[in-house]
Structures are given as structure tokens and as C-alpha cells.
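Chemist: Pasting a structure here, questions to come.
The values are calculated or read from the model by the stated rules, or taken from the named source; none is laboratory data. Everything quoted here is computed from the prediction, not taken from an experiment. Cβ sites come from the backbone with ideal geometry, for glycine too, and all protein chains shown count toward neighbours. Accessible surface is based on the protein model in full, side chains and every heavy atom, while ligands, DNA and RNA are left aside. Shrake-Rupley method; radii C 1.70, N 1.55, O 1.52, S 1.80 Å.
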Amino acid sequence: MKIFVTGASGWIGSATVAELLEAGHEVVGLARSDTSAQRVVAAGAVVHRGDLDDPDGLAKAAADSDGVIHLAFQHEVAFGGDFATAAAADRRAVEAMGTALAGSGRPLVLASGLLGLANGRIATENDGLVPSADVRAIPAGLRAATGLFTLSLRGVGVRSSVLRLPPTVHGDGDNGFMATFVAIARQRGVAGYVGDGSNRWPAVHRSDAARLARLAVEAAPGGSVLHAVGEEGVPFRKIAEAMGRQLDVPGGSVTQADAAEHFAPLGHFVGLDAPASAAITRELLEWEPTGPSLIEDLEQDHYYRQA
């Protein structure tokens with residue numbers, strides 16, 4: 001298959017490109033800069049220059065492909081305080097690519113998130129299919145709405161699926177949530193957690209997430225919701241303590257009231273209890289995670305190297 005991958009030079013995207021090429025697929029990767037283009041070429045893929053603010057270009061690339069894996073999102077805009085603008089660009093991109101694929105039966109895999117899906121209990125692939133008041137109340141709800149739209153494309157002849165990713169897709173080279181928490185712990189001199197730290201986060205190794213993205217574009221039925229979950233819920237206190245051991249700083253509780261100040265832009269997320277299951281996904285696509293656990297990864301030195 002000829003697969004168009006947005007976010008091809010990113011953390012998950014670059015692993016997905018390698019996974020697709022290894023499986024014998026041809027890959028066209030979206031690149032918005034010369035640096036991104038060089039990474040895509042070095043990986044062995046073909047470059048399509050553009051970005052999420054160019055829906056016409058995205059539509060053309062989708063139409064010229066046998067399927068799409070949409071991993072790109074304007075994270076720098078979202079975490080800069082304007083989630084609505086990032087979510088709107090994402091929605092326009094999906095609408096354009098979905099229209100280009102309509103009636104073809106070709107796949108469109110959308111990356112989405114798990115945080116906030118079912119706070120306080122184990123979320124499954126069957127959660128979040130009806131917009132709830134809780135989801136509408138958080139910024140991530142805007143992105144969840146695009147996920148529901150993606151699933152609806154099944155009705156116009158697109159083999160659409162939503163790949164929900166945990167907040168931590170970990171591994172050597174991770175510059176996301178875990179790397180940010182390490183930096184905060186180093187700066188503050190304490191590896192913090194909210195309250196008693198019993199709230200749980202799901203996790204997956206980067207290699208397992210990439211393999212599931214490949215399986216999704218190859219075989220996921222239209223309308224599928226997939227959970228890239230290797231571990232259902234790692235208590236945040238254990239995450240903080242693992243960081244503390246490597247940094248030689250103590251773990252410490254932060255009150256919910258102080259979380260926004262202590263954890264800066266991530267303060268809203270740290271205290272969420274968001275365990276999630278992948279039982280349906282594992283059975284549907286015969287996917288079994290094999291990568292290291294989050295704590296195993298946090299015990300390696302790659303999270304603690306300083307530039």
C-alpha cells in the first residue's frame with residue numbers, strides 16, 4: 001500500500017514510518033519544514049511538503065494514496081494556550097482528507113487521546129462514543145469531537161478508525177509528557193505527584209504504538225476505536241518515584257490547588273485518574289505489546305541526559 005502519513009517526522013510518526021516500510025509499504029510523509037523533510041527522506045519515505053493549514057494539499061495527498069495515518073497535531077499551539085485553534089485545524093484536515101477518500105473504501109486512521117475519557121475508572125474502546133458533559137468541559141473534548149466525526153466517515157465509504165494514544169508514549173528520544181516531568185523534577189528538586197499519587201495513567205512503548213498504527217491502516221474495520229495501551233494504569237506516585245531515584249531527588253506530594261503552578265502547562269493533567277484497557281483492540285487486531293514498561297524505561301538513562 002501507498003500510505004500518506006502526517007506527522008511523519010515526529011516521535012510516533014517516525015517510528016510508524018519505519019514500521020510501515022519494514023512491512024513492505026510505500027510511505028509519503030507530510031513535512032512542513034526543510035528539517036522535517038530531511039528526516040522523512042532519511043527514513044526512506046517520499047516527502048509531501050505542506051502542513052495542517054493546507055487542507056487542499058492534504059486532500060490531494062490523501063486522494064493519491066491507498067490510505068492515510070493522521071498523526072500530526074499542532075501541539076505547540078495547543079499547549080501554548082490555544083487548544084481551540086489547534087483542534088479547528090485538525091478538524092479541517094480530517095474533513096478534507098475524509099472527503100478525498102469518500103466512496104473508496106480506503107483507510108483513514110486518526111490519532112487521538114485517552115486522557116479525560118472516563119476519569120476514575122478503566123476506559124474501554126466503547127467509551128467516548130457519545131459526547132459527555134465531562135468531555136465537553138475539557139479542552140481535549142474538541143479533539144474528541146473530531147474523533148467522532150472520523151468514525152462517521154464509515155457511512156460515506158471510508159474505512160475510518162480512531163487510534164487513541166495514552167498521554168505517555170515512552171521510549172528513548174521521548175520529548176513529551178515524561179521528559180517534561182523529568183525537567184520539572186530536576187528544576188524543582190522534587191519529583192512531584194498530586195495528592196497521594198494514586199491516580200493512574202495508561203502507557204505504551206513507542207514501538208508498540210507504531211505497530212498498532214500499521215495494523216490499523218492494514219486491517220481495522222470501518223468505525224473501529226483502538227486503544228494503544230500497553231499498561232492499563234501506572235500510579236503517578238510510582239512514576240515520580242522512579243524519576244526521583246534517577247535524579248537523586250525526593251518524591252513529594254503537590255496539592256491540587258498548587259498543581260497548576262508546580263507543573264506549569266501540565267498542571268491540569270497530572271492529577272487525572274485515567275486508566276484504560278485495550279482488550280477489544282488486542283482481540284480485534286491480534287496486537288500484543290512487547291516493549292518495555294514505563295517504569296523500566298524511566299529506570300534507563302535516556303530520560304536524564306542533558307543537552
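Chemist: Under the Karplus relation 6.51 cos²θ - 1.76 cosθ + 1.60, θ = phi - 60°, what is the ordered set of whole-Hz ³J(HN,Hα) values for the range 257-272, x standing for Gly and Pro?
Modeler: Calculated HN-Hα couplings, in order: 5, 9, 4, 4, 6, 5, 9, 6, x, 9, x, 5, 9, 4, x, 5 Hz.
Chemist: Oh, and also: Would you work out the Kirkwood radius for the range 222-307? I mean one over the mean of 1/r across all pairs of different Cα atoms, in Å.
Modeler: It is 15.4 Å.
Chemist: Given the C-alpha centroids of the range 35-86 and the range 199-256, what is the distance between them in whole angstrom?
Modeler: So the separation of the two Cα centres works out to 24 Å.
Chemist: Using a simple charge model, +1 on the beta-carbon of Lys and Arg, -1 on the beta-carbon of Asp and Glu, nothing else, what dipole does the chain show about its Cα centre, in debye to the nearest 20?
Modeler: 420
Chemist: Working from Cα positions, state the angle (0 to 90°, nearest 10) between the long axis of helix 140-152 and the longest principal axis of the chain.
Modeler: Approximately 30 degrees, to the nearest 10.
Chemist: Quick one: helix 83-101 against the long Cα principal axis of the chain, what's the angle to the nearest 10°, folded into 0 to 90?
Modeler: In the chain, helix 83-101 runs at an angle near 30 degrees to the longest axis.
Chemist: Ignoring ligands, DNA and RNA, how do HIS302, HIS75, HIS227 rank by accessible area with a 1.4 Å probe, largest first?
Modeler: HIS75, HIS302, HIS227
Chemist: Sequence-distant or interchain residues sharing an amide H contact under 5 Å with LEU30, placed H: which?
Modeler: Amide H neighbours of LEU30, under 5 Å, 5+ apart: VAL5, THR6, GLY7, ALA8, HIS48.
Chemist: Let me ask something else about it. Could you go through the range 190-203 in sequence order and give the Karplus-derived ³J(HN,Hα) for each residue, using 6.51 cos²θ - 1.76 cosθ + 1.60 with θ = phi - 60°, rounded to whole Hz, and x for Gly and Pro?
Modeler: Per-residue couplings from phi come out as 8, 8, x, 8, 8, x, 8, x, 7, 4, 10, 10, x, 8 Hz.
Chemist: Also, quick follow-up: With unit charges on the beta carbons (Lys and Arg positive, Asp and Glu negative) and the dipole taken about the Cα centre of the chain, which residue among ALA86, PRO167, VAL229 sits farthest to the positive side?
Modeler: With unit charges placed on the Cβ atoms, the residue in question is ALA86.
Chemist: I've got another one for you. Over all distinct Cα pairs, what is the inverse of the mean 1/r for the range 167-237, reported as the Kirkwood hydrodynamic radius in Å?
Modeler: 14.0
Chemist: Can you tell me the Rg and Dmax of the chain, counting just the alpha carbons, in angstroms?
Modeler: For the chain, the Cα-based Rg and Dmax read 18.7, 57 Å.
Chemist: Here is a further query. In deg cm²/dmol, rounded to 500, what helix-only [θ] at 222 nm does the chain give when every DSSP H run of at least 4 residues adds -39500 (n - 2.57) and the total is split over its residues?
Modeler: My calculation for the chain gives -12500 deg cm²/dmol from helical runs alone.
Chemist: What do you reckon, how do ARG186, ARG305, ARG143 stack up by accessible area (1.4 Å probe), largest on top?
Modeler: Output order, biggest surface exposure first: ARG305, ARG186, ARG143.
Chemist: Computed over the Cα atoms of the range 1-50, what is the convex hull's projected area averaged over all directions, in nm²?
Modeler: Spelled out: convex hull of the Cα atoms, projected over all directions, averaged, 2.7 nm².
Chemist: Now a separate question. Tell me, what ³J(HN,Hα) does each residue in the range 4-17 have, in order and in whole Hz, if you take phi through Karplus 6.51 cos²θ - 1.76 cosθ + 1.60 with θ = phi - 60° and put x for Gly and Pro?
Modeler: 8, 10, 8, x, 5, 9, x, 4, 7, x, 5, 5, 5, 4
Chemist: So, one more: Along each principal axis of its Cα atoms, how long is the range 38-108 end to end? Whole angstroms, biggest number first, please.
Modeler: Principal axes ranked by extent give 37, 33, 17 Å for the Cα atoms.
Chemist: Still on this model: Which value, in nm² and rounded to one decimal, describes the direction-averaged projected area of the C-alpha convex hull of the range 90-218?
Modeler: Mean projected area of the Cα convex hull: 9.5 nm².
Chemist: Charges at C-beta only: +1 for Lys and Arg, -1 for Asp and Glu. How large is the resulting dipole of the range 167-250 about its Cα centre, in Debye rounded to 20?
Modeler: In debye, rounded to 20, the range 167-250 gives about 140.
Chemist: Further question: Averaging sequence separations of C-alpha pairs under 8 Å and six or more residues apart, then dividing by the length of the chain, give the relative contact order as a whole percent.
Modeler: 18
Chemist: Report the one residue of LEU212, ALA179, VAL249 whose Cα lies farthest in the direction of the positive end of the charge dipole of the chain (charges on C-beta: Lys and Arg +1, Asp and Glu -1; origin at the Cα centre).
Modeler: LEU212
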